[in-house]
1. For the stretch 23-37, does any single residue satisfy the condition of being assigned to a helix (DSSP H, G or I) and at pLDDT 85 or above?
2. Of the residues GLU61, GLU72, only one is modelled with pLDDT of 90 or more, assigned to a helix (DSSP H, G or I) and of a type outside the set (Ser, Thr, Tyr); which?
3. Identify all residues within the stretch 90-118 that are assigned to a helix (DSSP H, G or I), basic (Lys, Arg) and loosely packed, with under 10 Cβ neighbours inside 10 Å; write none if there are none.
4. Please enumerate the residues belonging to the stretch 84-118 that are touching a residue at least 60 places away in the same chain (Cβ under 8 Å) and of a type outside the set (Asp, Glu).
5. If we scan the stretch 82-89, do we find a residue that is surrounded by 12 or more Cβ atoms within 10 Å (Cβ to Cβ), within 34 Å of the chain's Cα centre (by Cα) and at pLDDT below 85?
6. Check the stretch 100-110 and report whether any residue there is at pLDDT 90 or above and among the polar types (S, T, N, Q).
Amino acid sequence: MLWRWAVTKVPWKAILVHAPTIVDAARKFYGTTKTPAANTEREPRTTDGIGALRRAIEKLEEREAQQAALFEDLARQVQEMATALEVLRARVLLASYGSAIAVVVTIVTATLVLWRGR
């Protein structure tokens, strides 16, 4: 049932239109967070609280870089999905035209057979 919701409620046309923008934004975001800030010269620990704070900040920077990589990966997947949907749309359109032509040929053939039979 979830797929039915995804097909009907997700604005796929807007996603397809904006997919390149999303991917570019993800790449820019990932590019800015890819390299952590340059480590300043480490001072000797004067208190335990400052060292713990620095370690916490380093962990946050690592997580930010991981999230940026994840965001870029998701954006790439959205772009690939948009491309695949465009290909499928073109194939469905081609199949529709082929079906319409087949119906017309069938009707013309049936009409000619019936007309000659008289």
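The values are calculated or read from the model by the stated rules, or taken from the named source; none is laboratory data. As the structure is a computational prediction, the values presented were derived from the model and not from experiment. Note: ideal-geometry Cβ built from the backbone for every residue, glycine included; neighbour counts use all protein chains shown.
1. Scanning the stretch 23-37 turns up no residue that is assigned to a helix (DSSP H, G or I) and at pLDDT 85 or above.
2. Working: GLU72 fails: modelled with pLDDT of 90 or more.
Among GLU61, GLU72, only GLU61 is modelled with pLDDT of 90 or more, assigned to a helix (DSSP H, G or I) and of a type outside the set (Ser, Thr, Tyr).
3. ARG116 - this is the single residue of the stretch 90-118 that is assigned to a helix (DSSP H, G or I), basic (Lys, Arg) and loosely packed, with under 10 Cβ neighbours inside 10 Å.
4. LEU85
5. no
6. The answer is yes; a qualifying residue exists.
So that you can scan it fast, the table gives a plain yes or no per residue for (1) out of contact with any helix residue (DSSP H, G or I) (no Cβ under 9 Å at 6 or more places or on another chain); (2) over 15 Å from TRP12 (Cβ atoms):
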residue: ALA52; (1), (2): yes, yes
residue: ALA56; (1), (2): yes, yes
residue: GLN67; (1), (2): no, yes
residue: PHE71; (1), (2): no, yes
residue: ARG76; (1), (2): no, yes
residue: GLU86; (1), (2): no, no
residue: ARG91; (1), (2): yes, yes
